[in-house]
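Some notes on the structure that comes next.
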Amino acid sequence: MNPRTHDTLIAAGASVGLFVLWELSVRLFKIPPFVLPAPSQAIASLLPVWGVVVGHAWQTLWTTLAGFGIAVVAGVLLGAAVGTSKPLNLALYPILVGFNSVPKAALVPVLVLWFGIGTVPAILTAFLISFFPIVVNVATGLASVPPELREVLRVLGSSRLEAFTRVSIPFSMPYFFASLKVAITLAFVGTVISEIAASQKGIGYLMTSASSQFNVPLVFGGLLLIAIMGIALYAVFAILERRLVGWAYRSQNA
Amino acid sequence: MPFIELSNVSLRYDNGYLAVEGVNLSIAQGEFVALVGPSGCGKSTLLRVISGLRPPSSGQATVHGQVVRGPIAGIGMAFQNPTLMPWRTILQNILLPLEVSARHKQQYRQNPKPYIEAARELMASVGLAGFENAHVWELSGGMQQRASLCRALIHQPEILMLDEPFSALDAFTREELWQAMQVLYMSRKPTVILVTHDLREAVYLSDTIYTMSTRPGKIAYARRVEFPRPRALELTYEDEFAHIVKELREQIGGMRTQISGLKGVGA
């Protein structure tokens, strides 16, 4: 068996094992479905309403991606500012940290007040919750470029801009990609928080309405769907990371 | 007229600490100069002043008769760490100066072949043949340092600044690289400024050695080394060689005693 299939088997095996354990525990201890449904019941609850569920899932997915997209742009710009300029660093860091400490769930009512219920507050919550790790990582990456690397270029006659694009940007890419994996999962959290509080679309809304009808299996079905979408997008960025900045990881295990 | 000249250069850091004071130095074109001295005597700082990476607080540096006011282009630099870029292969790392230096940029872009050939030859001359497409992490520290020297030389710089490039290597690799460095120097005759703690290294490679005193750094002593090149490694075991090393050691030893005397410890 090659090491790759071996790794995949471990990863898949652990997940399958968790679900088997869950299923068996529920059946063995006869836990009623309105307390904790078995995974089979959760999945079964999705099937009769599949068409509706797909619509909600799509809503959550694109809302998350929109918020995440804004977060990437804003995060990179702010991170570049904080990471390259001392005054901006001093000025912006306390504000950013303070802002990040505010629970985003508490902001949803404010956003609803400004933009009404629905998609816009969900996009904004996803953005607000996910841009901070991008800022911090981009700033850290840019600030950790060894000065000698830049000096090598500067004494060859490079401008500051050229030294930035040829050294600082590639050097910070691993930091950037690491933050994307954190940010994309956070963006899902933001979207769902907002949908639960103030929306008539999305998995968050599906779960609140299911829960108000005591349809606990469907609540768990929604949770499973969010987890699956989260894993899928995480995987997309993990693969992109391997492709684009694999040098940063191969250097450790080669 | 000297090629590189420092006149009365002092440099004070932002925190008020005086790193170097009143340094006068003139270096001829094609001369191999070593700066030796205790840690913190401002050797590396002087390199940065000459290359224009750091403006002096007073005095001035001139290169080619022109006052240095910003980073001067076309210098080759090598540091204690190889500072290679892990996102590039070894050959790509070595070719980097050609991509950015104004003198080569255009020609390299239009016709990279002869340059790549030159890079391969340079790599072969320091024992890196066959590692063109290797990644940085696949090479040992000594081999990375060889690649770093190749990068410092590929664009045929008139000035080569070596900031303790051999100090992190084991003794055998270090001596091998001294020889490689000598070969490279003899074939191209750049003006070299080597910063080092290693007196044998300084005597083996240089034409002139300057010792520096510390806090603030000043040029304390100059010593010419007249051994003809190529110098064999066996030379380092001969009496005349050992004599120069000892002479320099005593110079620096004298300074160190003074320092510890001032602090009231030992001496």
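Do you know which residues across the range A:65-122 are surrounded by 15 or more Cβ atoms within 10 Å (Cβ to Cβ), free of Cβ contacts under 8 Å to residues at least 12 places away in the same chain and over 21 Å from A:N137 (Cβ atoms)?
The answer is A:F115, A:V120.
For the range B:199-232, what are the residues that are over 23 Å from B:A28 (Cα atoms) and at pLDDT 90 or above?
B:A232
Using beta carbons and a limit of 9 Å, which pairs, at least six apart or on different chains, have the first residue in the range B:212-223 and farther than 12 Å from B:A34 by Cβ and the second one of a type in the set (F, W, Y) and surrounded by fewer than 17 Cβ atoms within 10 Å (Cβ to Cβ)?
Sorted first by the residue in the range B:212-223, then by its partner, the pairs are B:R215/B:Y17; B:P216/B:Y17.
Does A:Y175 count as closer than 30 Å to B:G76 by Cβ and not hydrophobic (A, V, I, L, M, F, W, C)?
So A:Y175 fits the description; yes.
Tell me which helices (runs of 4 or more DSSP H) are completely within the range B:124-221 and hold 3 or more residues being in contact with a strand residue (DSSP E or B) (Cβ under 8 Å, 6 or more places away or on another chain) and in the same structural domain as B:Y237 (by TED's automatic domain parsing), or say none if there are none.
So the answer is B:199-205.
Does the range B:48-69 hold any residues that are within 9 Å of chain A (Cβ to nearest Cβ) and either assigned to a loop (DSSP other than H, G, I, E, B) or at pLDDT 90 or above (or both), and which are they?
Scanning the range B:48-69 gives B:G52, B:L53.
State whether one or more residues within the range B:82-99 are closer than 15 Å to A:V155 by Cβ, within 14 Å of chain A (Cβ to nearest Cβ) and assigned to a loop (DSSP other than H, G, I, E, B).
For the range B:82-99, residues closer than 15 Å to A:V155 by Cβ, within 14 Å of chain A (Cβ to nearest Cβ) and assigned to a loop (DSSP other than H, G, I, E, B): present.
Need at least 3 residues that are at negative phi and at pLDDT 90 or above per element, so show me which helices (runs of 4 or more DSSP H) inside the range A:57-168 make the cut, counting only ones lying wholly within it.
A:86-101, A:104-115, A:119-143
Considering each residue of the range A:151-195, count those that are of a type in the set (G, A, S) and within 14 Å of chain B (Cβ to nearest Cβ), and give that number.
Total meeting the criteria: 6.
Output the residue which, of all residues in the range B:214-250 that are within 20 Å of the chain's Cα centre (by Cα) and exposed (fewer than 11 other Cβ atoms within 10 Å of the Cβ), is farthest from B:P56 (Cα to Cα).
Only one residue fits best here, namely B:E226.
If we keep just the residues of the range A:204-246 that are surrounded by 19 or more Cβ atoms within 10 Å (Cβ to Cβ) and within 14 Å of chain B (Cβ to nearest Cβ), which is farthest from A:A187 (Cα to Cα)?
A:V245
Within the set of pairs 6+ apart or on separate chains, which have a first residue in the range B:190-208 that is closer than 19 Å to B:A168 by Cβ and touching a residue at least 40 places away in the same chain (Cβ under 8 Å), a second that is outside any loop (DSSP other than H, G, I, E, B) and polar (S, T, N, Q), and C-beta atoms under 7 Å apart?
B:V195/B:S44; B:R200/B:T236; B:A202/B:T196; B:L205/B:Q182
Any idea which of (1) on the phi > 0 side of the Ramachandran plot; (2) within 18 Å of the chain's Cα centre (by Cα); (3) of a type in the set (G, A, S) is the one B:G65 doesn't satisfy?
Result: B:G65 fails condition (2) only.
For A:F220, indicate whether it is without any contact (Cβ under 8 Å) to a residue 40 or more places away in the chain, aromatic (F, W, Y) and assigned to a helix (DSSP H, G or I).
It is false that A:F220 is without any contact (Cβ under 8 Å) to a residue 40 or more places away in the chain, aromatic (F, W, Y) and assigned to a helix (DSSP H, G or I).
Among the residues of the range B:33-40, are any within 14 Å of chain A (Cβ to nearest Cβ), closer than 23 Å to A:E148 by Cβ and not aromatic (F, W, Y)?
Checking the range B:33-40: not a single residue is within 14 Å of chain A (Cβ to nearest Cβ), closer than 23 Å to A:E148 by Cβ and not aromatic (F, W, Y).
The values are calculated or read from the model by the stated rules, or taken from the named source; none is laboratory data. Please read these numbers as outputs of a predicted model, since none were measured by experiment. We place every Cβ from the backbone using ideal geometry, glycine too, and count neighbours over all the protein chains shown.
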